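Reading through the structure tokens given below for one structure.
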Amino acid sequence: MTDNTIQLRVLRELPGRLRATLAGLDDAQLDTPYREGGWTIRQVVHHLADSHAHAYLRMKMMVNEDHPTIKPYDQNVWATNHEAFHGEISASLDLLDGLHRRWADFLEHLPESAWSRSALHPERGEVTMTGMLDTYANHGEKHIEHIKGLRRARGWA
């Protein structure tokens, strides 16, 4: 039996944890890169919405189609779109709220047999449902830590 309880909880709780991490930041702070040459906090928030929407749809394809090939996308190009640089983060936070509720509900109610499903990612090779869950539970946490690190470094507690 696959036990994905911890990863599912992390995935479900990400939007609230992200909102708490962003609380009190102003536009100038949101437009600060979290590291030299890195994305701004605003871009990271929009990236999480883009990336997690892709992951949700990829996992649905993996469950509902016979070994699909999933389409990659260039996250760096997506991060250069106007809304990624200038868009209100509230739109992506709202999207993440609904997306993560749907995503967690979908995954929590899968039959055990669905966890053995896989897909072909043209750049990464074979990907599995469990591997995808691990990747995206960790992905959100990684970016929350980037934001927390910047807050600590700048004294934005």
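The values are calculated or read from the model by the stated rules, or taken from the named source; none is laboratory data. The model shown is predicted, which means the values in this text are computed figures rather than measured ones. A quick note on method: Cβ atoms are made from the backbone with ideal geometry, for glycine too, and the neighbour counts reach across all protein chains shown. Quick note on the areas: whole protein, heavy atoms, side chains included, nothing else; ligands and nucleic acids left out. Shrake-Rupley method; radii C 1.70, N 1.55, O 1.52, S 1.80 Å.
Within the chain, what whole-number % of the accessible surface is contributed by carbon and sulfur, with the 1.4 Å probe and all protein chains included in the calculation?
Exposed carbon and sulfur together represent 52 percent of the surface.
Taking every pair of alpha-carbon atoms in the stretch 86-157, what share in percent sits in each 10 Å bin, from 0 to the bin with the longest distance?
Percent of Cα pairs in each bin: 15, 34, 33, 15, 3.
Which peptide among 46-53, 125-132, 67-74 comes first, and what is the full order, when sorted by highest mean count of other Cβ atoms within 10 Å?
46-53, 125-132, 67-74
Would you rank VAL10, VAL77, VAL44 by solvent-accessible area, highest first, keeping every protein chain in place and using a 1.4 Å probe?
VAL77, VAL10, VAL44
Could you give me the ³J(HN,Hα) list for the stretch 69-84, computed from phi with Karplus coefficients 6.51, -1.76, 1.60 and θ = phi - 60°, whole Hz, x at Gly and Pro?
9, 9, 7, x, 9, 8, 4, 5, 5, 4, 6, 9, 5, 3, 5, 6
Sort TRP103, TRP39 from largest to smallest accessible area, using a 1.4 Å probe on the heavy atoms of the protein chains.
Reading off the accessible areas and sorting them downward yields TRP39, TRP103.
What number comes out for accessible area per residue over the chain if the probe is 1.4 Å? Units Å², please. Mind showing how you got there, number by number?
On the way: 8340 Å² over 157 residues.
Dividing the accessible area of the chain by its residue count gives 53 Å².
What list of whole percents do you get for P(r) of the stretch 6-79, with Cα-Cα distances grouped in 10 Å bins up to the one holding the largest distance?
Values per bin, smallest distances first: 16, 38, 33, 11, 2.
How big is the chain in terms of Cα radius of gyration and Dmax, in angstroms?
Looking at the chain, its Cα Rg and Dmax stand at 16.2, 50 Å.
Based on DSSP H runs of at least 4 residues, each adding -39500 (n - 2.57), what is the mean residue ellipticity at 222 nm of the chain after dividing by all its residues, to the nearest 500 deg cm²/dmol?
On the way: 7 runs with 101 residues, N = 157.
Helices in the chain give a 222 nm mean residue ellipticity of -21000 deg cm²/dmol.
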